[in-house]
Every structure is written in C-alpha cells, then in structure tokens.
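*Asks:* What follows is a single structure, and I will ask about it in a moment.
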Amino acid sequence: MKNTTLRMGPRGTVTLPKLLREQYALGTHDLLLAEPTAEGILLRPAVATAIEIYTDERIAEFAESERELEEAVKKNPKLRAWLEDGQKKFQAMTAQAAAKSKSAKSNA
C-alpha cells in the first residue's frame, strides 16, 4: 500500500484505512504504540499478554468462592449491611466522577 494521508478528528482520532488494518490484522480496541521518531510518529501494534490464563478448574474455584461469600452474607446481617453500604458509597463515588468528567469535557 502506498502512503496515505489521514485526517485527524476534533478529539485527535485518526482512522486507519481498511487495507492497513487488514494487512496488520488490527481490530477494534487493539492497542497501538505511538512512538516519536526523527521522521515523525511511528504507529505499531502493541502486544499485551495475560497475566494468568484461567483454566476450567480455576474458574470453578472462583465460582465456589462466590457461592461461599453469598452463603456468608445470607447468614450474617451485619456483613450484608456492611457490603450494601460499601456498594452505595462506590456508586455515589462513580456517579460523582462521571459528573466531573462530563463537566470537564463540556468546558473543554
């Protein structure tokens, strides 16, 4: 493929041509490294590796832990109240962060 001129969008986004995406097997949400060079900006595919690949046995362990936690919460009203309180606080913090982000974007 020959050199291609790309246009940057208002938020700094650039769309790579389909032929390039196919040539380098790039898909939605793939990671790219943007590397400054003497000639300009070099984009190249980034490699992300999993820390742990979960086996069926490991997934079963997670499921068992979830069941144990659910049973403990059912049996202990104080634990249930504590978890519900934490969940409410987390939801409030998330909503507050989203509101700040939205406000910052509208002011930009």
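*Asks:* If one computes the Cα centroid of segment 1-47 and of segment 67-98, what distance in Å separates the two points?
*Replies:* About 43 Å separates the Cα centre of segment 1-47 from the one of segment 67-98.
*Asks:* A follow-up question, please. At most 11 other Cβ atoms within 10 Å and a DSSP loop assignment: could you name the chymotrypsin sites (Phe, Trp or Tyr not before Pro) in segment 49-86 that fit? Can you show the working numbers first?
*Replies:* On the way: sites: Y54, F62, W82; in loops: Y54.
Sites meeting the loop and neighbour criteria: Y54.
*Asks:* Now for a separate question. In nm, to one decimal, how far is the modelled label at Q23 from the one at K102, with both set 7 Å along Cα→Cβ?
*Replies:* Using points 7 Å along Cα→Cβ, the separation is 4.3 nm.
*Asks:* From the convex hull of the Cα coordinates of segment 47-108, what is the mean projected area in square nanometres? Let's see the in-between values first.
*Replies:* Details: hull surface 30.1 nm².
Over all viewing directions, segment 47-108 projects a mean Cα-hull area of 7.5 nm².
*Asks:* Take the eigenvalues of the Cα gyration tensor for segment 7-48, scale each by 5, and report the square roots as semi-axes in whole Å, largest first. It would help to have the intermediate numbers written out before the result.
*Replies:* On the way: eigenvalues 57, 44, 24 Å².
They are 17, 15, 11 Å, listed largest first.
*Asks:* Please report the equivalent ellipsoid semi-axes of the chain, computed as sqrt(5 x eigenvalue) of the Cα gyration tensor, largest first, in whole Å. Display every interim value, and only then the final one.
*Replies:* Details: eigenvalues 392, 126, 23 Å².
The answer is 44, 25, 11 Å, longest axis first.
*Asks:* On full extension of the chain, what length is gained from F62 through T5, given 0.36 nm per residue of separation minus the C-alpha to C-alpha distance?
*Replies:* Values: separation 57, 0.36 × 57 = 20.52 nm, distance 4.90 nm.
Gain on extension, F62 to T5, equals 15.6 nm.
*Asks:* Let me ask you something else. By counting other Cβ atoms within 10 Å of each Cβ, how are V14, V73 ranked from fewest to most?
*Replies:* Working: V14 12, V73 15.
So the residues, fewest neighbours to most, are V14, V73.
*Asks:* Just subtract the alpha-carbon distance of E71 and K88 from 0.36 nm times their residue separation and send over the number in nm, one decimal.
*Replies:* Values: separation 17, 0.36 × 17 = 6.12 nm, distance 2.10 nm.
Here the segment from E71 to K88 would lengthen by 4.0 nm.
*Asks:* A further question on this structure: So, in the chain, how many Lys pairs have Cα atoms under 28 Å apart, if the pair is 8 or more places apart or on different chains?
*Replies:* 13
*Asks:* Put +1 on the Cβ of every Lys and Arg and -1 on every Asp and Glu Cβ in the chain; which of V73, I51, G86 then has its Cα farthest towards the positive end of the dipole?
*Replies:* G86
*Asks:* Evaluate the relative contact order of the chain (contact order divided by residue number), counting alpha-carbon pairs under 8 angstrom at least 6 apart; express in whole percent.
*Replies:* This gives 10 percent for the chain.
*Asks:* Further question: Could you list the GluC sites (Glu not before Pro) in segment 46-108 that lie in coil according to DSSP, counting only those with at most 15 other Cβ atoms within 10 Å of their Cβ? Present the calculation step by step, with values, prior to reporting the outcome.
*Replies:* Values: sites: E52, E57, E61, E64, E66, E68, E70, E71, E84; in loops: E52.
Qualifying residues, ordered by number: E52.
Values quoted throughout were computed directly from the atomic coordinates according to the rules given, and no laboratory measurement underlies them. No experiment lies behind these values; they were computed from the predicted model shown. Note: ideal-geometry Cβ built from the backbone for every residue, glycine included; neighbour counts use all protein chains shown.
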